[in-house]
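Each remark here refers to the structure printed beneath this line.
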Amino acid sequence: MQQKNIVEQFSKKDLSLLKNLDIDLNKIQRQYNRCLTGTIPAVLDRVATIYDGILQFEANEKNEYISFFNQEAQKYNLEKFVPASGAATRMFKFLLEFLRQFNPEQSTLNSYINKYQCKDLNTFLVGLDKFSFYDAVVAQCKVFYPDYDSASQDHKYYYFIKVLIDSDFLNYSAKPKALIPFHKINNKLTTPLHKHVSEALAYSVNKNTAKVHFTVTQGFEKYFQEIINQFDQNIEVSYSNQLPKTDSLAFDLENEPFRSNTGDLLFRPGGHGALIENLNQLTSDIIFIKNIDNVSFNHFTEIVDNKKFLGGILIKTQQKIFSILKQLDRLHQIKETNDVLLFMKKELNIYIPENIKNSSDIKRVKQFIIEKLDRPIRVCGMVKNEGEPGGGPFWVKDANGHTSLQIIETSQIDTNNVSQKLILSQSTHFNPVDIVCGVKNYQGKKFDLNNFIDHSTGFVVYKSHEGRNLKSYELPGLWNGAMANWISIFVEVPLATFNPVKTVNDLLKPAHQHA
């Protein structure tokens with residue numbers, strides 16, 4: 001389909017809106033072009049496995065890296081980055097459906113469960129008293145429903161769910177997941193927010209201080225801060241919102257700008273890849289990234305040690321890279337640069353083209369070394385694939401046929417292609433979003449992370465608004481295309497470090513219950 005200059009269609013009112021949102025017109029044009037061409041699927045070369053892209057370490061080696069981290073971390077400014085703007089709506093989805101469909105005056109709970117095959121609801125009710133918030137919700141039920149104690153069991157269940165998630169009561173489903181009570185410790189309800197701060201304190205250099213950054217939905221900062229204020233230690237917390245300038249323009253299915261019933265242009269959030277802008281604002285030396293819902297009641301020490309383990313790998317690798325870059329001017333023999341190329345290939349998974357590998361032009365080789373090593377670094381934990389949906393580690397080919405290690409989502413893969421589907425089926429590991437980043441160069445200057453995005457990895461999504469279909473461009477994922485041109489090291493980590501809460505019933509799993 002022929003491309004056109006979409007910006008020429010905009011009215012003065014449209015242009016004024018774009019200016020107020022700080023949205024670049026060139027970016028709008030690129031979004032339009034992508035919506036025309038559609039998503040460009042990743043080209044998988046092979047799955048990343050142990051000893052072919054994923055490092056595996058023995059217990060004694062891990063302990064050495066942990067000790068190294070403890071020794072070296074005091075030289076660095078550490079910070080934790082936690083995407084925490086997501087609401088808990090999906091976590092309670094099946095309960096929201098239950099409230100819409102069930103009337104205790106007209107039907108029984110058993111008939112409802114049988115009619116709708118509600119396995120999730122049945123699991124929830126069987127384990128009800130094991131949830132950390134059980135006692136608190138029951139207490140509220142007795143306040144709002146004076147007949148609670150004498151009510152039938154069906155009515156009690158109905159009241160409980162209504163008080164838990166309905167907007168007239170506790171309204172858990174509309175709150176950020178960060179503020180939902182996941183656990184109870186010493187008879188006190190604790191949220192993921194508590195856990196993330198506690199983890200940051202545990203692997204900080206000074207155990208009484210921690211630096212954490214949360215991306216939040218605007219307006220919820222004060223609720224986060226109320227929890228932060230409960231800590232006796234010095235917690236340096238900062239917040240940011242997803243920036244309007246990262247939103248994408250929506251288009252109708254005829255590739256015209258989508259306009260609402262009021263005639264205004266419609267914008268949609270650009271996906272979690274938009275958070276590269278938030279991450280780019282941080283100035284710390286080393287940044288730990290972890291999702292808000294990945295916390296545990298029982299594996300705290302193992303999780304903290306794992307962070308130190310990954311941090312130790314990051315610091316040691318970064319020190320070696322910095323040493324190479326600082327001493328590059330002193331290398332005068334091709335053999336010396338070849339040793340560096342071997343390190344880049346073997347330890348950093350960097351593709352070395354034949355024209356560089358066989359070159360006798362030392363100046364050209366040095367330029368290649370600088371270009372490939374003077375980049376942000378990330379060490380990513382990978383857990384064994386237990387059937388979780390989402391991204392994983394693969395060797396991917398670029399447009400030039402060069403391979404690199406990438407975290408690829410299933411949505412980026414052309415599953416209609418037999419060979420690509422076969423590679424996907426061979427995946428052995430899963431991305432739990434357990435990442436440690438080095439974002440400064442060997443001269444101590446922070447990288448502009450926008451310079452290392454692979455914009456071709458953005459994708460087109462199809463949605464609807466006001467009863468009409470639309471499509472829009474989503475930015476390359478934060479740990480996918482947004483970090484595609486970083487130096488990447490993938491390391492196997494224990495499954496015990498991955499305990500996400502995608503649905504409320506996940507809180508019934510052993511990792512979230514008293515041992």
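The values are calculated or read from the model by the stated rules, or taken from the named source; none is laboratory data. It should be emphasised that the depicted structure is a prediction, and the values quoted were computed from it without experimental measurement. With ideal geometry, Cβ positions are generated from the backbone for all residues, glycine too; neighbour counts draw on all protein chains shown. Note: areas computed on protein heavy atoms with side chains; ligands, DNA, RNA excluded. Shrake-Rupley method; radii C 1.70, N 1.55, O 1.52, S 1.80 Å.
Taken over segment 136-161, the criterion of being open to solvent by 50 Å² or more (accessible area, probe 1.4 Å) and of a type in the set (Phe, Trp, Tyr) is satisfied by Phe144, Tyr157. If you filter segment 35-51 down to residues that are out of contact with any Ser or Thr (no Cβ under 9 Å at 6 or more places or on another chain) and farther than 16 Å from Leu424 by Cβ, you find that the one that is least open to solvent (accessible area, probe 1.4 Å) is Gly38. Kindly check whether there is at least one residue in segment 42-49 that is part of a strand (DSSP E or B) and either acidic (Asp, Glu) or out of contact with any strand residue (DSSP E or B) (no Cβ under 7 Å at 6 or more places or on another chain) (or both). Looking through segment 42-49, at least one residue is part of a strand (DSSP E or B) and either acidic (Asp, Glu) or out of contact with any strand residue (DSSP E or B) (no Cβ under 7 Å at 6 or more places or on another chain) (or both). List the pairs whose first member sits in segment 430-448 and is touching a residue at least 40 places away in the same chain (Cβ under 8 Å) and among the polar types (S, T, N, Q), whose second member is open to solvent by 10 Å² or more (accessible area, probe 1.4 Å) and assigned to a loop (DSSP other than H, G, I, E, B), and whose Cβ atoms are under 8 Å apart, counting only residues at least 6 apart or on separate chains? Filtered contacts from segment 430-448: Asn431/Gly390; Asn431/Trp479; Asn441/Asp374; Asn441/Phe447.
Considering segment 58-96, and only residues there that are farther than 30 Å from Thr209 by Cα and of a type outside the set (Lys, Arg), the residue that is surrounded by the fewest Cβ atoms within 10 Å (Cβ to Cβ) turns out to be Glu58. From the list Lys326, Lys357, the lone residue that is more than 31 Å from the chain's Cα centre (by Cα), of a type in the set (Lys, Arg) and farther than 25 Å from Val43 by Cβ is Lys326. Per the conditions (1) on the phi > 0 side of the Ramachandran plot; (2) at pLDDT below 95; (3) not charged (D, E, K, R), the sole criterion not satisfied by Thr39 is (1). Report yes if Lys307 is among the basic types (Lys, Arg), farther than 18 Å from Leu373 by Cβ and within 32 Å of the chain's Cα centre (by Cα), otherwise no. Answer is yes for this residue. The listed residues are Leu243, Leu266, and the only one of them that is under 30 Å from Ser85 (Cβ atoms), touching a Ser or Thr at 6+ places or on another chain (Cβ under 6 Å) and open to solvent by 20 Å² or more (accessible area, probe 1.4 Å) turns out to be Leu266. Ser360: on the phi < 0 side of the Ramachandran plot, among the small types (Gly, Ala, Ser) and free of Cβ contacts under 8 Å to residues at least 24 places away in the same chain, yes or no? For Ser360, the condition - on the phi < 0 side of the Ramachandran plot, among the small types (Gly, Ala, Ser) and free of Cβ contacts under 8 Å to residues at least 24 places away in the same chain - is not met. Flag set for Ala202, criterion: in contact with a Lys or Arg (Cβ under 9 Å, 6 or more places away or on another chain) and either in a helix (DSSP H, G or I) or surrounded by fewer than 21 Cβ atoms within 10 Å (Cβ to Cβ) (or both). Val379 passes every criterion in (1) more than 17 Å from the chain's Cα centre (by Cα); (2) buried (at least 18 other Cβ atoms within 10 Å of the Cβ); (3) under 21 Å from Ile315 (Cβ atoms) apart from (1). Against the numbered list (1) assigned to a loop (DSSP other than H, G, I, E, B); (2) farther than 26 Å from Phe288 by Cα, Phe57 comes up short only at (2).
The set of residues in segment 106-123 that are part of a helix (DSSP H, G or I) and out of contact with any Ser or Thr (no Cβ under 9 Å at 6 or more places or on another chain) comprises Leu109, Asn110, Ser111, Tyr112, Ile113, Asn114, Tyr116, Lys119, Leu121, Asn122, Thr123.
When segment 363-388 is filtered for residues that are in a loop (DSSP other than H, G, I, E, B), in contact (Cβ under 8 Å) with a residue 40 or more places away in the chain and within 30 Å of Thr503 (Cβ to Cβ), the ones remaining, listed by number, are Asn385, Glu386, Glu388. Taken over segment 323-352, residues that are in a helix (DSSP H, G or I), in contact (Cβ under 8 Å) with a residue 24 or more places away in the chain and open to solvent by less than 40 Å² (accessible area, probe 1.4 Å) amount to 8.
May I ask you to verify whether Lys320 is under 30 Å from Ser427 (Cα atoms), out of contact with any Lys or Arg (no Cβ under 8 Å at 6 or more places or on another chain) and in a helix (DSSP H, G or I)? Considered against the rule, which asks whether it is under 30 Å from Ser427 (Cα atoms), out of contact with any Lys or Arg (no Cβ under 8 Å at 6 or more places or on another chain) and in a helix (DSSP H, G or I), Lys320 comes out as no.
With respect to Gln218, determine if the residue is part of a helix (DSSP H, G or I), without any contact (Cβ under 8 Å) to a residue 24 or more places away in the chain, over 30 Å from Asn441 (Cβ atoms) and not small (Gly, Ala, Ser). Here the answer is no, as Gln218 does not meet what is asked.
Taken over segment 162-182, the criterion of being within 21 Å of Leu508 (Cβ to Cβ), surrounded by fewer than 22 Cβ atoms within 10 Å (Cβ to Cβ) and more than 22 Å from the chain's Cα centre (by Cα) is satisfied by Lys162, Leu170.
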